[in-house]
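These notes concern the structure reproduced below.
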Amino acid sequence: MMIIPAIDLKDGHCVRLVQGRKTEVKTYDDEPLLVARAFASAGAQMLHVVDLDGAFSGGESPNREVLQRIVEQVNVPVEFGGGLRTIAAAEKAIALGVERVVMGTMAVDSPDDLKTLVDRHGARICIGIDARDGMVMTRGWEAASSLSAISLAQSLVRLGVERIIYTDIARDGMLSGPNIKQTVDLAKATGLKVTASGGISCLEDIRRLTEANEPLVDSVIIGKALYESRFTLADAIATATS
């Protein structure tokens, strides 16, 4: 189980939201590059970087400059999302050196464009499925769709997608534990690789996720618990690999 620390960017700062609400922001660090370097020193194998300003506006923001510095100066692969709603935007991020781009809204609104991206870039295209009560939310978690998370995931298989990041929005930033059942159900229903996201609060949550024994759920994104010092990244990695 790979542990992937999250770096959420807003106005150039490292922040966390509560259940994705842009009005509930807590700033943890003014120097995201230093945060990224610290995660790398602690053994991170990948960083999950999100441009929250881009996610809410649907376009680029000054956070892209921060992303570029992280990619250039930290020797750890980066997966990046937030506001990537066109082929050009995704390919611009790839050109910066991002290992994976995380698409969300495109999967619902423009599946033909998504197919084009997957055909061109394969496993570098990852889909973020963000759901509230099992139903997919888009546009920075502000717009509800009529799709269930499982229905969307099944449609992605036909497009050639290999990996999804599944976030239960109700648990994100709440330190209430991940939705392990829904995460495992998505993997079993689709055969897709799944990165779990949202709600990790303690090392026991990581143990429960690994003990679910679903090989397709091979990684987990952790944010607030690390910033709140619930445990260290080194301890999380040790727990996930023990």
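Throughout, read-outs are computed from the coordinates displayed, never taken from laboratory work. The shown structure was predicted, so the numbers you read here are calculated from the model rather than taken from an experiment. Note that we place each Cβ from the backbone using ideal geometry, even for glycine, and neighbour counts take in every protein chain shown.
See the values below:
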{"item": "Value at 222 nm in deg cm²/dmol, rounded to 500, when DSSP H runs of n ≥ 4 in the chain each add -39,500 (n - 2.57)", "result": "-11000 deg cm²/dmol"}
{"item": "Relative contact order %, the stretch 177-228, counting alpha carbon pairs below 8 Å whose residues are six or more apart", "result": "43 percent"}
{"item": "Proximal aspartates and glutamates to Lys26, defined as alpha-carbon separation beneath 17 angstrom and excluding residues fewer than eight positions away on the same chain", "result": "Asp8, Asp11, Asp51, Asp53, Asp172, Glu228"}
{"item": "In nm, spacing of pseudo-spin labels at Thr116 and Glu72 (7 Å Cα→C-beta vector)", "result": "2.9 nm"}
{"item": "Extension reserve of the Thr27-Val157 stretch, reckoned as 0.36 nm per residue once the Cα distance is removed", "result": "43.1 nm"}
{"item": "The stretch 2-241, Cα convex hull volume normalised per residue, Å³", "result": "103 Å³"}
{"item": "Beta bridges per DSSP with both ends in the chain, % antiparallel, nearest 5", "result": "30 percent"}
{"item": "Lysines whose Cα lies under 19 Å from that of Lys193, excluding same-chain neighbours fewer than 8 positions away", "result": "Lys115, Lys181"}
{"item": "Rel. contact order, % - alpha carbon contacts under 8 angstrom, at least six apart, the chain", "result": "20 percent"}
